[in-house]
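Have a look at the structure below, then the notes.
The values are calculated or read from the model by the stated rules, or taken from the named source; none is laboratory data. This is a predicted model, so every value here is computed, not measured. Backbone-built Cβ (ideal geometry, glycine too); neighbour counts: all protein chains shown. Side chains included, ligands, DNA and RNA excluded: accessible areas come from the protein's heavy atoms. Shrake-Rupley method; radii C 1.70, N 1.55, O 1.52, S 1.80 Å.
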Amino acid sequence: RLVLRAPQLGDAKAIAEIANDRRVAENTARIPHPYRPADAERFILGTNADPDELTFLITLPNDTVLGACGIARSAENDGPEIGYWLGVPHWGKGFATEAVRALIDHAFTDLGLMALTASARVTNPASRRIIEKCGFQWTGVGLCRIRALGSSVPIDRFRLERGIWSALKDWGPTRRVA
């Protein structure tokens, strides 16, 4: 159902429209609020310039922008961290889970990573469910600075190892037993 691709300057208006929602910004570390077209342009121009970060837009096949996802390596975490967000009209439709699964598969299959980390605000059970459905295991709690709030908030931290992902894929719903 989805396409993950690099953002382009022509996407700025669509990104700004869906990211300019306080509910989105308050659940991400980096999105400011309000979020204007100039913020989207800065985001796009800086995307994939850092070799330690990889960012994709999440779109429908007709190029409708739903949100974004990516992987960032950080000295703070025990492995590269995945992140994702969707515009509010696209919540609750399985898009985030589908995008995160594709991102994880890319990380382990194409990039050769051995483990990934993820986090979710403790007040965001929907994000936690996405992370857990993708096989991540809870590792503890921490704090994360949320740009839109100008403060730090409690988060749950998770980790997924390549071997566990492979086992889950082999055991998953696409495997049939005769």
**Q.** Residues located in the stretch 1-36, provided they are over 15 Å from SER151 (Cα atoms) and either open to solvent by less than 20 Å² (accessible area, probe 1.4 Å) or among the aromatic types (Phe, Trp, Tyr) (or both)
**A.** PRO7, ASP11, ALA12, ILE15, ALA16, ALA19, VAL24, TYR35
Q | Criterion violated by ARG145 - all others in (1) at pLDDT below 95; (2) open to solvent by less than 20 Å² (accessible area, probe 1.4 Å); (3) in a strand (DSSP E or B) satisfied | A | (2)
Q.
Quick check on my filter: what residues within the stretch 131-151 are without any contact (Cβ under 8 Å) to a residue 40 or more places away in the chain and closer than 19 Å to ARG23 by Cβ?
A. ILE131, GLY150, SER151
Q: Working carefully through the options THR64, THR28, THR59, find the one that is among the hydroxyl-bearing types (Ser, Thr, Tyr) and within 24 Å of GLY142 (Cβ to Cβ).
A: THR28
Q) Within the stretch 153-165, how many residues are modelled with pLDDT under 95 and exposed (fewer than 14 other Cβ atoms within 10 Å of the Cβ)? A) 1
Q. So THR174 fits all but one of (1) modelled with pLDDT under 95; (2) within 20 Å of ALA29 (Cβ to Cβ); (3) hydroxyl-bearing (Ser, Thr, Tyr); what number is the exception?
A. (2)
